[in-house]
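Q: Got a structure for you, questions after.
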Amino acid sequence: MSCSIDGGGRGRGGRGGDGQGSGDGPAAGGGESPARTPALGRVVPAPSSVEPAAGVHTLTADTAIRVGESDDARAVGEYLAGLLRPSTGHPLPVTSEDGADGVRLRLDAAESALGAEGYRLESSDASVTLTAREPAGLFHAVQTLRQLLPAAVEKDTAQPGPWTVPRGTITDVPAYAYRGAMVDVARHFFTVEQIKRYVDQLALYKINKLHLHLTDDQGWRIAVDSWPKLTSVGAVTAVGGGSGGFYTKDDYREIVRYAASRHLEVIPEIDFPGHTAAALASYPELNPEGETSEIHTGVEVGFSSLTVGKDITYDFVDDVIREIAELTPGEYLHIGGDEADATSQEDYAVFMEKAQAVVAKYGKTVVAWHQLAGARPAPGAVAQYWGYDDTSAAERAGVLGLVGQGVRLILSPADRTYLDHKYTAEEELGLKWAGLVEVDRSYDWDPAAYLDGVPREAVLGVEAPVWTETLETTEQLEYMAFPRLLSTAERGWSSGGEWDEFRLRLAGQAGRWEAMGITYYKSPTVPWDEV
Ligand code: ACM
């Protein structure tokens with residue numbers, strides 16, 4: 001690890017320093033044994049309803065994946081076959097032929113109670129039937145099926161089996177529509193392949209949004225044709241002065257395509273008006289007097305600002321948002337707005353109102369960090385709350401003010417969901433300005449009741465960001481994300497849930513991570529060896 005930062009870094013005013021029941025009893029397995037079947041309901045995130053039955057269904061060399069005539073069901077079926085073939089060694093043909101046996105994928109528009117993402121999984125002697133109203137629901141059903149198979153199913157070489165699924169019925173719908181994860185690719189760059197690997201991991205836990213923090217003081221990571229120096233100059237370095245990197249438009253389209261194939265929507269973030277040193281260094285004319293400035297390679301925040309009074313600033317903002325919106329099939333475009341400490345309050349309000357209007361002009365819904373409270377929110381705006389237990393009453397009041405104006409919230413409480421925070425004081429990686437975030441703490445909150453005065457209806461969902469001041473590799477990113485990512489995934493999908501039960505389901509995932517080669521933190525708060 002080339003980079004260790006002790007409590008420095010982001011965090012305005014930051015202090016330094018220092019599922020519900022599965023209903024089916026103890027786990028039948030997980031762990032190391034490839035042949036042991038996890039109990040029905042030993043799934044993360046916890047399903048809404050689990051009705052176990054006696055016995056198991058077994059996938060064999062004769063099992064077919066039956067998808068009917070639907071192209072959407074076929075795409076999910078092919079994805080499932082791709083997951084299962086290497087480890088099972090079974091052919092698992094994907095067929096439109098109907099039959100009472102095998103793994104059956106059904107899309108049924110009449111299943112209105114399953115909504116946009118819900119599903120039912122019925123496992124019997126003869127078959128496993130996955131039913132959903134929409135393709136995303138079938139895809140989530142496949143993630144549940146994966147977790148019900150022995151962990152060795154995740155390996156990429158043939159394993160002995162048997163490939164058993166506990167019998168019974170799971171009916172499952174998410175609590176929140178927005179269940180996100182964010183990667184800061186600005187402070188350290190992560191390649192398309194690294195992001196795809198993370199997308200696959202997010203999908204396993206039913207995360208449906210990938211927020212990419214594409215720009216910051218230390219680097220501009222996405223090509224903008226009309227302002228090419230943003231990448232030829234602004235992408236060359238990173239925190240610590242190492243080499244940078246950026247996504248070409250084709251790279252970015254590939255991330256969007258791949259994420260969509262896993263039913264994740266990509267939310268690009270261009271952070272304005274602060275966190276803009278890389279842009280200002282690329283184009284001196286964006287500075288107040290046209291002066292040259294440097295890209296930042298440190299980790300401090302709050303010193304850079306676009307020049308709110310200059311016309312060229314708005315040419316820049318319009319071009320960037322237009323080109324990013326063109327790359328974005330999804331609904332949302334995030335414009336940052338956090339830690340704009342070098343922008344006066346008046347300038348901030350002026351800038352954010354103009355920038356929000358540009359997002360609307362290009363057909364997207366604006367997302368901004370909750371400092372948007374310092375400006376008038378655009379109709380339909382979404383604010384991402386990143387406060388923590390010590391966030392001031394005044395700042396929380398600002399968030400309530402936004403909600404009073406119809407703004408919906410994505411909740412990312414830093415001392416629960418920030419995956420870059422240290423687990424313990426001894427940890428080499430990570431930051432700690434919001435405190436230490438052991439795994440139990442990451443689960444210790446309820447989005448519906450988290451902010452006093454914010455009704456559940458105002459909560460669009462949750463998101464787990466990973467900031468990369470100290471993180472440079474896939475192994476480091478995974479170590480910080482696993483297991484805490486699953487806490488946020490469950491808070492977004494499931495209603496309720498107690499740590500004492502969740503920790504068992506968490507422990508049951510370890511064999512899966514080992515089979516997948518995922519690096520994770522073996523927290524003493526999780527009974528790894530008891531399941
Ligand atoms: C943030 O952590 N500055 C959103």
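Q: Filter the stretch 287-318 for residues that are of a type in the set (Asp, Glu) and either touching a Cys at 6+ places or on another chain (Cβ under 6 Å) or crowded, with 16+ Cβ neighbours inside 10 Å (or both) and give the result.
A: Asp318
Q: Listed residues Glu469, Glu490; which is modelled with pLDDT of 95 or more and under 16 Å from the mean Cα position of the chain (by Cα)? So that I can check it myself, show each step before the final result.
A: Values: Glu469 fails: under 16 Å from the mean Cα position of the chain (by Cα).
Every option except Glu490 fails the conditions.
Q: Restricting to the stretch 420-448, count the residues that are within 21 Å of the chain's Cα centre (by Cα) and open to solvent by 10 Å² or more (accessible area, probe 1.4 Å).
A: Residues in the stretch 420-448 being within 21 Å of the chain's Cα centre (by Cα) and open to solvent by 10 Å² or more (accessible area, probe 1.4 Å): 9 in total.
Q: Going through the stretch 354-368 one residue at a time, which ones are open to solvent by less than 30 Å² (accessible area, probe 1.4 Å) and not in a strand (DSSP E or B)?
A: Ala355, Gln356, Val358, Val359
Q: Here is a further query. Give me the helices (runs of 4 or more DSSP H) completely within the stretch 438-531, filtered to those with at least 2 residues that are of a type in the set (Ser, Thr, Tyr), ordered by residue number.
A: Those helices (runs of 4 or more DSSP H) span 439-443, 474-481, 484-493.
Q: Across the stretch 83-116, which residue is surrounded by the fewest Cβ atoms within 10 Å (Cβ to Cβ) among those that are out of contact with any Leu (no Cβ under 6 Å at 6 or more places or on another chain) and basic (Lys, Arg)? If you could, list the steps in order and put the result at the bottom.
A: To start, the set of residues in the stretch 83-116 that are out of contact with any Leu (no Cβ under 6 Å at 6 or more places or on another chain) comprises 83, 86-91, 93-104, 106-116.
In the following step, the residues that additionally are basic (Lys, Arg) were identified as 104, 106.
Details: Arg104: 22, Arg106: 18.
So, considering only residues that are out of contact with any Leu (no Cβ under 6 Å at 6 or more places or on another chain) and basic (Lys, Arg), the one surrounded by the fewest Cβ atoms within 10 Å (Cβ to Cβ) is Arg106.
Q: Quick one: how many residues across the stretch 56-89 are assigned to a loop (DSSP other than H, G, I, E, B) and of a type in the set (S, T, N, Q)?
A: Number satisfying all stated conditions: 3.
Q: Looking at (1) at pLDDT below 95; (2) surrounded by fewer than 19 Cβ atoms within 10 Å (Cβ to Cβ), which is the one condition that is false for Gly14?
A: (2)
Q: Restricted to the stretch 312-351, and to residues that are closer than 17 Å to Leu280 by Cβ and in a strand (DSSP E or B), which residue is farthest from the ligand (Cβ to nearest atom)?
A: Ile335
Q: Which of the residues belonging to the stretch 400-419 are open to solvent by less than 10 Å² (accessible area, probe 1.4 Å) and more than 13 Å from the ligand (Cβ to nearest atom)?
A: Leu402, Val407, Leu409
Q: Return the pair list, or none, for Cβ contacts closer than 6 Å from residues in the stretch 227-238 that are closer than 13 Å to Thr215 by Cβ to residues that are surrounded by fewer than 21 Cβ atoms within 10 Å (Cβ to Cβ) and small (Gly, Ala, Ser), at least 6 apart or on different chains.
A: Qualifying pairs under 6 Å: Thr231/Ala223.
Q: Would you pick out the residues in the stretch 324-349 that are under 23 Å from Leu212 (Cβ atoms), open to solvent by 10 Å² or more (accessible area, probe 1.4 Å) and of a type in the set (Asp, Glu)?
A: Glu326, Glu331
Q: Sort through Ala100, Ala53, Ala39 and tell me the only one that's at pLDDT 95 or above and assigned to a loop (DSSP other than H, G, I, E, B).
A: Being at pLDDT 95 or above and assigned to a loop (DSSP other than H, G, I, E, B) holds for just one of Ala100, Ala53, Ala39, which is Ala100.
Q: For a quick check of your reading: which strands (runs of 3 or more DSSP E) sit entirely within the stretch 162-238 and have at least 2 residues that are of a type in the set (Val, Ile, Thr) and open to solvent by 10 Å² or more (accessible area, probe 1.4 Å)?
A: Correct list: 163-172.
Q: On the given criteria, is Tyr388 within 15 Å of the ligand (Cβ to nearest atom), under 21 Å from the mean Cα position of the chain (by Cα) and open to solvent by 10 Å² or more (accessible area, probe 1.4 Å)?
A: Yes; evaluated as a whole, the condition is true for this residue.
Q: Separate question: Which residues, taken from the stretch 420-432, are within 12 Å of the ligand (Cβ to nearest atom) and either assigned to a helix (DSSP H, G or I) or in contact with a His (Cβ under 8 Å, 6 or more places away or on another chain) (or both)?
A: Narrowing the stretch 420-432 to residues within 12 Å of the ligand (Cβ to nearest atom): 420-421, 431.
Across the stretch 420-432, the qualifying residue is only Leu431.
Q: Collect the residues in the stretch 361-380 that are more than 16 Å from the ligand (Cβ to nearest atom) and either within 22 Å of His421 (Cα to Cα) or under 21 Å from the mean Cα position of the chain (by Cα) (or both), keeping them in residue-number order.
A: Across the stretch 361-380, the qualifying residues are Lys364, Thr365.
Q: Can you pull out every residue in the stretch 241-255 that is under 26 Å from Thr470 (Cα atoms) and either of a type outside the set (Val, Ile, Thr) or part of a helix (DSSP H, G or I) (or both)?
A: Quick first cut of the stretch 241-255, residues under 26 Å from Thr470 (Cα atoms) only: 241-248, 251-252, 255.
Across the stretch 241-255, the qualifying residues are Gly241, Gly242, Ser243, Gly244, Gly245, Phe246, Tyr247, Asp251, Tyr252, Ile255.
The values are calculated or read from the model by the stated rules, or taken from the named source; none is laboratory data. Note that the structure is a prediction, hence the values are computed from the model and not measured. Because the Cβ atoms are built from the backbone with ideal geometry, glycine has one as well, and the counts that use them run over all protein chains shown. For accessibility, only protein heavy atoms count, side chains too; no ligands or nucleic acids. Shrake-Rupley method; radii C 1.70, N 1.55, O 1.52, S 1.80 Å.
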